[in-house]
Amino acid sequence: MSKGLKLTDILVTIIIALIFGAIYKLWGPLYGIVSTFGLQLEQLLYGMWFIAATVAYLIIRKPGVALLAELAAAHGEFIFGGEWGITTLIYGLGQGFFAEFIFASFRYQKYNMVTVSLAGLASGIVSLLIDVYYGYIGDLAMWNLLMLIGFRLIGAVIIAGVFAHFIVQALEKTGVTSLVRPATSVDYDALDQ
Amino acid sequence: MPFELSYRQTWLHKINPSFKFLLVIALFIYLIFVDNPNLMVNYAIGSVGLYFFFTGHPWKRLLLIALPFLLVFVTSSTSMIFFGEGEETLFNWGLVHITKESLFRGLHLGIRGMVFAILGVVFSLTTRPVLLFYSLMQQLKLKPKYAYSFMAAIRLLPIMLEELQTLRHALKVRGAVGGKGIRGFYEKIKAFAIPMLSQSIRRAHRIAIAMEAKRFLNVNNRTNYYQIGFSKFDVLLLLYFIGVGVLAQFASVNFPYFGIEDVRVIG
């Protein structure tokens, strides 16, 4: 296998990311409406912002894809005038990096629901770390802070982990994933028979 | 922007996109560490000035684009105002406990969220994506395969939007209504995501192969349709922000709006 990502991988990743970038843009107002109720319920929806990395990784299964996807999605939201502005880029970089770290720790060999859920969780944790500086969340009342952390991580696992897994599973039935995935040893064995 | 809007070219459009990008990122990192609300309000005034007077878009459009800023303000501030910790109680109703500290911290967060939003929109309103990627290639040595992938992907967006519209109509005409709760939510995502993703991946794959055949990967000896350099306007933007910074500092010391210098430590 040649070193690094091929143009095909990059373009497909970016396209996937931009689709999610558009969803992120639509997600913003929804998140805003829910958040006016207070009580941190909007945090359950936050996981959507982590999904580009996990879906792109599950589809293409190569190193670097998760980070690129999350960055591209954030960039897409940014250049189309997302209401969070540059904030998205910083969060995107952190979230993509941590998701990538989880996939790397499995040596890019695991593509199951648990792995992507862990990646979602890692993205959630890094977003919380950035929030300590950006959102002063350390200064919230304790019960409120615990609700924020709990809801965000639950949302991250459900949306970026479980949903991403099922979406890609459904996508596999359409046959497009075989276009972009690298050949595996199973494929080579099939040739020998 | 995906659709060309008519606007007047201003000096902000002529700034080197990479420079503008790095400057906005630098401001972001700086502002994260600003805890003085007086200073933050002054920066907000500086950014709003740039937004309304120098982006070259008509007033009506600028006001329309500014509407979501209010949402940003509300979402960034409410949790902190209602549930933040603090000593001096202003209002108490059930779980809601507004204190002087949490109120100021919340307002500070709201204003900061708006400053970031405004700077981001100023950037996107005054930068053409194509020029941004050419500039990233030329000034920051971004690899062409990434830059051209982004540009190709942006060109594909209108097709994707059209597809989305078709899909919505198709689902509507067939009376596809999702269930309720988390399952219905998942089914709704699936109904849109699967066709959109599969179509787009196929198209992206085809285009990428064509681009590879046309040597879009080539790094060396590349000629560029757009040559992007620096100009006096880059210096002007830098001076603008230095000016805003100095004035903001001066005004926050001599004409403070609130008697608070650090929203993290009040008392």
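Read-outs throughout are calculated quantities, based only on the coordinates presented, and are distinct from any laboratory measurement. As the structure is a computational prediction, the values presented were derived from the model and not from experiment. Note that we place each Cβ from the backbone using ideal geometry, even for glycine, and neighbour counts take in every protein chain shown.
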Legend entry - Selection of chymotrypsin sites (Phe, Trp or Tyr not before Pro), the stretch B:223-267, meeting DSSP coil and at most 15 other Cβ within 10 Å: B:225, B:226, B:230, B:257, B:258
Inset, instruction - Can you pull the one-decimal nm distance between simple spin-label points at residue B:7 and residue B:239, each 7 Å off the Cα toward Cβ? - result: 2.3 nm
Inset, instruction - List every residue whose amide H lies under 5 Å from the amide H of residue B:99, counting only residues 5 or more places away in sequence or on a different chain, with H placed 1.01 Å from N in the peptide plane. - result: B:90
Legend entry - Ranked A:90, B:182, A:102, A:10, criterion: other C-beta atoms within 10 Å, fewest first: B:182, A:90, A:102, A:10
Inset, instruction - Estimate the FRET efficiency between residue B:206 and residue A:30 by the formula 1/(1 + (r/R0)^6), using the beta-carbon distance for r and 35 Å for R0, to the nearest 0.05. - result: 0.55
Inset, instruction - Count, for each residue of B:185-195, the Cβ atoms from other chains sitting within 10 Å of its Cβ, then give me the mean as a whole number. - result: 4
Inset, instruction - Hydropathy first: keep DSSP H helices in chain B averaging at least 0.0 on Kyte-Doolittle, then drop any whose Cα extent along the axis falls short of 24 Å, and list what survives. - result: B:37-54, B:59-83, B:100-126, B:144-173, B:181-213, B:232-254
Inset, instruction - Among A:142, B:211, rank each residue by its count of other Cβ atoms within 10 Å, from fewest to most, as a rough exposure measure. - result: A:142, B:211
Legend entry - Three-way shape label, chain B, alpha-carbon gyration tensor, a/c 1.5: oblate
Inset, instruction - For the stretch A:94-101, just list the computed ³J(HN,Hα) in residue order, Karplus coefficients 6.51, -1.76 and 1.60, θ = phi - 60°, integers in Hz, with x standing in for Gly and Pro. - result: x, 5, x, 5, 6, 4, 4, 4
Inset, instruction - Mind running the shape call on the protein assembly as shown? Use the C-alpha gyration tensor, a ≥ b ≥ c as the square roots of the eigenvalues: rounded below 1.5 for a/c, prolate if a/b tops b/c, oblate otherwise. - result: oblate
Legend entry - Neighbour-count order for A:9, A:192, fewest beta carbons within 10 angstrom listed first: A:192, A:9
Inset, instruction - Before rounding to the nearest 500, sum -39500 (n - 2.57) across all DSSP H runs of length at least 4 in chain B and divide by the residue total; then give [θ] at 222 nm in deg cm²/dmol. - result: -24000 deg cm²/dmol
Inset, instruction - Grab the alpha carbons of the stretch A:7-173, take their convex hull, and tell me the volume per residue in Å³. - result: 102 Å³
Inset, instruction - Could you work out the longest stretch of chain A that avoids the trypsin sites (Lys or Arg not before Pro) located in DSSP loops with at most 16 other Cβ atoms within 10 Å? - result: A:4-106
Legend entry - Positive-pole candidate from B:166, B:71, B:230, dipole of chain B, charges at beta carbon: B:166
